[in-house]
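First comes the structure, then the notes that go with it.
The values are calculated or read from the model by the stated rules, or taken from the named source; none is laboratory data. Computed from a predicted structure; not experimentally measured. With ideal geometry, Cβ positions are generated from the backbone for all residues, glycine too; neighbour counts draw on all protein chains shown.
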Amino acid sequence: MVIAKNAICMIFCGTWPSTKPTKKSFSPYSQNQTIAARLYKESGADLLPVNSAKFETWLQVESSQFYPAISAIIFELFYKPMFGMTTDMSNVEKEAGKLSAVLDVYEAHLAKNKYMAGDLFTLADLNHMPEIFLLLKTSKAELITSKPHVKAWWDDISTRPAWKKTTASLPV
């Protein structure tokens with residue numbers, strides 16, 4: 001998914017980043033932070049709030065709690081059928097339980113905040129978009145659509161012009 005997220009940032013920025021590899025650069029969210037800091041900030045909204053503990057917290061929650069569960073579900077329900085593989089529904093249900101618990105926390109948070117890191121759209125929101133987009137194409141879409149504040153947040157962030165342009169070109 002790092003490549004997909006970097007490709008999305010490429011669409012926002014208009015160029016692919018050139019970074020020297022470091023230990024930190026192998027983390028998907030640190031790569032996206034590098035892209036946002038070096039490229040997108042010069043041509044668009046600032047996706048990296050300065051000294052924001054809330055922002056850093058939600059990036060960490062996305063990478064350690066949200067992403068592992070949602071990516072497992074997407075692999076089982078979206079990618080495996082594309083490649084003629086058998087879906088393991090017991091794994092889907094196990095990961096759906098984990099994701100539901102994470103989304104319960106998101107629901108409570110988004111009841112009081114417009115975006116993950118507060119009042120402004122940031123990388124903490126952007127990092128969720130590829131996976132939610134694919135999850136909504138599966139039978140587990142209700143994990144998102146059944147939570148009113150999560151759904152409202154998704155409806156808001158997914159109507160951004162750059163996201164609409166990105167998804168219009170995807171063959172899914």
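If you take the residues in the stretch 91-114 that are in contact with an Asp or Glu (Cβ under 8 Å, 6 or more places away or on another chain) and surrounded by fewer than 18 Cβ atoms within 10 Å (Cβ to Cβ), which one is nearest to Ala162 (Cα to Cα)?
Checked the stretch 91-114; the qualifying residue nearest to Ala162 (Cα to Cα) is Lys114.
Out of the stretch 118-166, which residues are among the polar types (S, T, N, Q) and under 15 Å from Ile74 (Cβ atoms)?
Asn127, Thr138, Ser139
Please go through the stretch 115-137 and give me each residue that is within 16 Å of Thr167 (Cβ to Cβ) and either of a type in the set (Asp, Glu) or in a helix (DSSP H, G or I) (or both), ordered by number.
Scanning the stretch 115-137 gives Asp125, Leu126, Met129, Pro130, Glu131, Ile132, Phe133, Leu134, Leu135.
For the stretch 31-90, enumerate the residues that are modelled with pLDDT under 95, among the β-branched types (Val, Ile, Thr) and either part of a helix (DSSP H, G or I) or surrounded by 13 or more Cβ atoms within 10 Å (Cβ to Cβ) (or both).
Correct list: Thr34, Ile35, Thr57, Val61.
Lys140 - would you say it is assigned to a loop (DSSP other than H, G, I, E, B) and crowded, with 18+ Cβ neighbours inside 10 Å?
yes
Within the stretch 121-172, which residues are over 11 Å from the mean Cα position of the chain (by Cα), within 23 Å of Phe55 (Cα to Cα) and charged (D, E, K, R)?
Result: Lys147, Lys151, Asp155, Asp156, Arg160.
When the residues of the stretch 143-172 are narrowed to those that are assigned to a loop (DSSP other than H, G, I, E, B) and either at pLDDT 95 or above or among the basic types (Lys, Arg) (or both), which ends up surrounded by the most Cβ atoms within 10 Å (Cβ to Cβ)?
The selected residue is Lys147.
When you scan the stretch 92-109, do you find a residue that is touching a Phe, Trp or Tyr at 6+ places or on another chain (Cβ under 8 Å), over 17 Å from Ser64 (Cβ atoms) and part of a helix (DSSP H, G or I), even just one?
no
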